[in-house]
1. Can you pull the one-decimal nm distance between simple spin-label points at residue 2 and residue 66, each 7 Å off the Cα toward Cβ?
2. Go ahead and run the numbers for FRET between residue 172 and residue 228, Cβ-Cβ distance against an R0 of 25 Å, rounding to 0.05.
3. How far apart, in nm, are the 7 Å Cα→Cβ label points at residue 209 and residue 244?
4. Could you tell me, in Å, what Rg and Dmax come out for the Cα atoms of the chain?
5. Apply 1/(1 + (r/R0)^6) to the Cβ-Cβ distance of residue 201 and residue 20, taking R0 = 22 Å, and write down the FRET efficiency to the nearest 0.05.
6. Distance from a point 7 Å along Cα→Cβ of residue 126 to each backbone N in region 17-43: keep the residues under 16 Å and list them by number.
7. Using a Förster radius of 22 Å, what is the FRET efficiency between residue 255 and residue 294 based on their Cβ-Cβ separation? Nearest 0.05, please.
8. Along the Cα-to-Cβ line of residue 136, 7 Å from the Cα, sits a label point; which residues in region 194-212 have backbone N less than 15 Å from it?
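What follows draws every value from the coordinates through simple rules; no lab data is involved. Predicted model only: the values in this text are computed from it and were never measured. We place every Cβ from the backbone using ideal geometry, glycine too, and count neighbours over all the protein chains shown.
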């Protein structure tokens, strides 16, 4: 029997140790900036996106996790952390807590929080290029990630999220927001692992399709948890999306339909993984998909 919790914990430990190496507390630079960057980076994240990169790498036959993949996985987590710091700012979602702790701007002030996010974004690429993969693969990895976070990715989705507040609920808008703000970066994390390992195009195509479904499932579940989640488990306020008039799956389709859609997408993603890799080899990715759709935090 595959023990997913042990698998995940072992890789979380590896990622956390590497993050501490790539952004140590004694890094050169202003002390307050380093402290602010590390505060949110080590605030207890699931390390979901680095795990997706690791799984993509391992499923594609990668053998040198330490030198080839970890710099990329850590860079991905730094980008994710940058997005959280900025997303929590008063001008954006105006959140006081993240992962059960005061948000970055509540501890360090808005100016330092903005700069900490900016610094993590830049340091992410400085970290990623420390990977020993061939230059052509590195270019492909960076192209995949920058597309996922750019104009028609995370940032474009964030704009649609902000400008869509208090407007008439729209299925088209909510699907755009979810696929861009969250989905494309989750997809890119999985694909980046495959690219780093030199996966053939047919495998990258599977990661692309599965990653899309995982990303959308993740955000639909987030919408559901914002409605019915437990604040003590989530580590942040619930009901905030509704109060802010956000475009969410629950607001557009209702709670039950949102649950059914998340379940459908997860089932389709699992079937694709099983058809490509088999249940045994594909167990890490299958287990992660099940966690995403069943999670309560």
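1. Reported label-point gap for residue 2 and residue 66 is 2.6 nm.
2. On the way: r = 25 Å, r/R0 = 1.00.
Calculated value: 0.50.
3. 3.4 nm
4. Cα-based Rg and Dmax for the chain come out at 18.3, 51 Å.
5. Numbers: r = 36 Å, r/R0 = 1.62.
The value I calculate is 0.05.
6. Within reach of a label on residue 126: 19-39, 41.
7. Working: r = 16 Å, r/R0 = 0.73.
Rounded to the nearest 0.05, the efficiency is 0.85.
8. Those under the cut-off are 195-201.
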